[in-house]
1. Tell me yes or no: at least one residue of the stretch 212-221 is free of Cβ contacts under 8 Å to residues at least 40 places away in the same chain and closer than 20 Å to Lys26 by Cβ.
2. Do we find a residue being closer than 26 Å to Pro159 by Cβ and assigned by TED's automatic domain parsing to the domain that holds Thr249 anywhere in the stretch 45-57?
3. Among the residues that make up the stretch 103-118, is at least one of them of a type outside the set (D, E, K, R), buried (at least 16 other Cβ atoms within 10 Å of the Cβ) and in contact with a Gly (Cβ under 8 Å, 6 or more places away or on another chain)?
4. Being part of a strand (DSSP E or B) and either within 16 Å of Gly245 (Cα to Cα) or not hydroxyl-bearing (Ser, Thr, Tyr) (or both) is the filter here, so list the residues in the stretch 1-46 that pass it.
5. Sort out which residues of the stretch 18-69 are more than 22 Å from Leu118 (Cβ to Cβ) and polar (S, T, N, Q), and write them in order of number.
6. For the structure I just gave you, tell me whether Glu231 is modelled with pLDDT under 95 and not hydrophobic (A, V, I, L, M, F, W, C).
7. Output yes when any residue across the stretch 251-262 is of a type in the set (D, E, K, R) and within 19 Å of Lys119 (Cβ to Cβ), and no when none is.
Amino acid sequence: MDIRLDGKTALITGGSEGLGRAMGRKFAEAGANVVLVARDPGKLEDAQREISDAVAGTQARVEVVSCDVTDAAQLHAAWDTVAASLGTVDILVNNAGATAFGPFLDITDEMWQADIDLKLFAAIRLARLAMPGMADRKWGRIINVLAVSAKTPGAGSAPTSVSRAAGMALTKVLSAEGAPNNILVNALLVGLIRSGQHERRHQATAPEKTFAEYIAPIEEKLPIGRIGQAEEFANLACFLVSDAGSYVTGCAINVDGGRSPVV
C-alpha cells in the first residue's frame, strides 16, 4: 500500500522528539508539509534538520514553531504563524504531554490544572482552530495521542489517566461532529514505546545500566516481549491521516504490544 500525503499540511504538537518527531518524519516522507510545535527551540531545530535531510530533494516543507501549548495566547500566535506561512492545516496531531502520576491525595489543584491544560485544553483549543478550515475543504484528520491508562486507570495513575480519559471522550465528540464534513478524528493510545521520557527516566534512576538492561525487566512482562519503537507508532498514524484510512473515525486504538487488558 502506497500511502501518500502530497499537498497536505500537518501540525504536530510535542514534535521535537519521540513520537512527535517520528510522525513528522513519516508524514514528510509521505509528501506532507510538516509543522513541529514544542517548547524547546534547540530540540526543534534538531528535529527540523533531521527530517529535512530525510526528505531532501522532495517538495515537502518542514517548519518549526516554539510554543508552550498550555498558554492560550502563545497557541493562537503559533497558529497565526503557521497560517501565514502555509495557509491551511489539514492534519492535526495533539501529541504534547508528559506522564504525571502519584497517589491521589498528594495531587494538588495546581498539578491537576497543569495536567489538564497540557493534555486536554491544548487539544480543545487547537481543534477549535483547525476544524472550521477542515470543514470548508471537506477534508481533515485529527489524531489525539493518549495512553492506555485512559481505558484502564488504576491506583496511582492520576492525573494522567483522568486527563487522557477526557481526551478519549473528546475524540468521540469531535468525530461525531466532524464526520459530516469528512473530518476524521481518532485517538492512538500509547503503551510502552521508547521515547525521550523513558530515556530521561533511565538516566535519572539507573545510569549505570544500558537502556537495554534498564528496560529488560519491563519488556519481559509485555505479551509481544519488547518495547515498541516510535517509527511503529508513526506508521499507524500515517495510515489514519491518509485517504487509506478514510472509513476509520471515532476509534481509540491501543498501540501497546498487547499490554492493555482492554481492547
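The values are calculated or read from the model by the stated rules, or taken from the named source; none is laboratory data. Just so it is clear, the structure is predicted and the values come from calculations on it, not from any experiment. Don't worry about glycine lacking a Cβ; one is built from the backbone with ideal geometry, like all the others, and counts go over all protein chains shown.
1. No, there is no match, as no residue in the stretch 212-221 is free of Cβ contacts under 8 Å to residues at least 40 places away in the same chain and closer than 20 Å to Lys26 by Cβ.
2. Among the residues of the stretch 45-57, not one is closer than 26 Å to Pro159 by Cβ and assigned by TED's automatic domain parsing to the domain that holds Thr249, which makes the answer no.
3. yes
4. Ala10, Leu11, Ile12, Asn33, Val34, Val35, Leu36, Val37, Ala38
5. Scanning the stretch 18-69 gives Asn33, Gln48, Ser52, Thr58, Gln59.
6. Working: modelled with pLDDT under 95: no; not hydrophobic (A, V, I, L, M, F, W, C): yes.
When the stated conditions are applied, Glu231 does not pass them.
7. Initial filter on the stretch 251-262 (of a type in the set (D, E, K, R)): 256, 259.
Pick out the ones that are also within 19 Å of Lys119 (Cβ to Cβ) and you get 256.
For the stretch 251-262, residues of a type in the set (D, E, K, R) and within 19 Å of Lys119 (Cβ to Cβ): present.
Listed here are the residues, each with its yes/no results for (1) within 26 Å of Trp139 (Cα to Cα); (2) under 17 Å from the mean Cα position of the chain (by Cα); (3) surrounded by 21 or more Cβ atoms within 10 Å (Cβ to Cβ).
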site	(1), (2), (3)
Met1	yes, no, no
Lys8	yes, no, yes
Ala22	yes, yes, yes
Ala28	yes, yes, yes
Glu50	no, no, no
Thr58	yes, no, no
Ser66	no, yes, no
Ala73	no, no, no
